[in-house]
1. Could you sort 77-84, 61-68, 142-149 so that the peptide with the highest average Cβ count within 10 Å comes first and the rest follow in order?
2. Could you work out the local net charge near residue 50, counting Lys and Arg as +1, Asp and Glu as -1, over the other residues with Cβ closer than 13 Å to its Cβ?
3. Please report the base-10 log of the normalised intensity I(q)/I(0) for the range 46-160, using a Debye sum with one equal scatterer per alpha carbon and no solvent, at each q in 0.11, 0.21, 0.23 (1/Å).
4. What number do you get for the range 94-147 when its Cα radius of gyration is normalised by 2.2 N^0.38 Å, N = residues?
5. Relative to the present Cα-Cα distance, how much length would full extension add between residue 143 and residue 79 at 0.36 nm per residue of separation?
6. Ranking 85, 24 by Cβ neighbours within 10 Å, fewest first, what do you get?
7. Set the Förster distance to 30 Å, then compute FRET efficiency between residue 101 and residue 24 from the Cβ-Cβ distance, nearest 0.05.
8. Among all the aspartates and glutamates, which ones have a C-alpha under 18 Å from residue 151's C-alpha, if same-chain residues fewer than 8 places away are not counted?
Amino acid sequence: MKKLIIAAGIAAAAMASFGASAAHTYATDVSHASINTMINGDSVVTVTGTNGGSLSVEEAKTAGKKLGSFDIVLPASAAGYGISHIHSHGYPDGFKVKFGDCAVAVTGAGGDIKSSAQPDSGYECVFGKTLSLDVLTDAGNGMADIQPGSKTITADFVAYTE
C-alpha cells in the first residue's frame with residue numbers, strides 16, 4: 001500500500017508539472033540582451049562598447065541613427081585595428097549599418113555582418129588610430145522587416161602594426 005501511495009504521488013506531481021508547462025503560450029518575437037564586464041589586465045586592444053538609445057521601428061529604418069559606439073585604446077606600437085567576426089542578434093537579413101565609414105550588412109538568418117568590399121586579411125573594416133567609432137544605421141533599410149525589441153551587435157577588434 002505504501003508503494004502504491006508513493007507511485008500515485010509521483011504520477012500526480014508529474015502530471016501537475018506537465019500541465020503547468022503546457023499552459024504557457026510564448027510570443028514569436030524575441031528580445032536579445034547582453035551584459036559586458038571589463039576585465040583589466042595586459043591587452044593589445046581594449047574596447048568599451050556604449051549602448052545606443054531607443055529608436056522607433058521607423059527611426060531604425062532611417063540612415064544616420066546611432067545604434068551605439070565603441071571606444072578603443074590601442075598600444076603605442078599599433079598603427080590601427082581591424083574588425084572581424086561582426087555578429088548581430090535581432091536585426092533582419094539585409095539590415096545595413098556603418099562602423100564609422102565602413103558599410104556592412106546583416107547576411108542571412110545567422111546574424112553575420114559582412115562588408116560589401118573585399119575584406120582585408122579577413123577583417124571586414126580596417127581603421128587607423130580612430131579611437132571612437134560610432135555605429136550608425138545606413139541607407140537602404142526602408143523596407144527592412146525590423147521588429148521591436150533589444151538588438152545587439154558584437155565584433156572582434158585586433159590591432160595591427162605597419
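Laboratory data are not the source of any read-out in this text; all were calculated from the coordinates shown. Owing to the predicted nature of the structure, the values given are computational and were not obtained by experimental measurement. For neighbour counting, all protein chains shown are included, and Cβ atoms are generated from backbone atoms with ideal geometry for every residue, glycine included.
1. 77-84, 61-68, 142-149
2. -1
3. Result of the Debye calculation: -0.33, -1.17, -1.37.
4. That ratio works out to 1.19.
5. Length gained between residue 143 and residue 79: 19.2 nm.
6. 24, 85
7. Plugging the Cβ-Cβ distance into 1/(1 + (r/R0)^6) gives 0.05.
8. Within the straight-line limit of under 18 Å, residue 151 reaches these aspartates and glutamates: 29, 58, 59, 93, 112, 134, 138.
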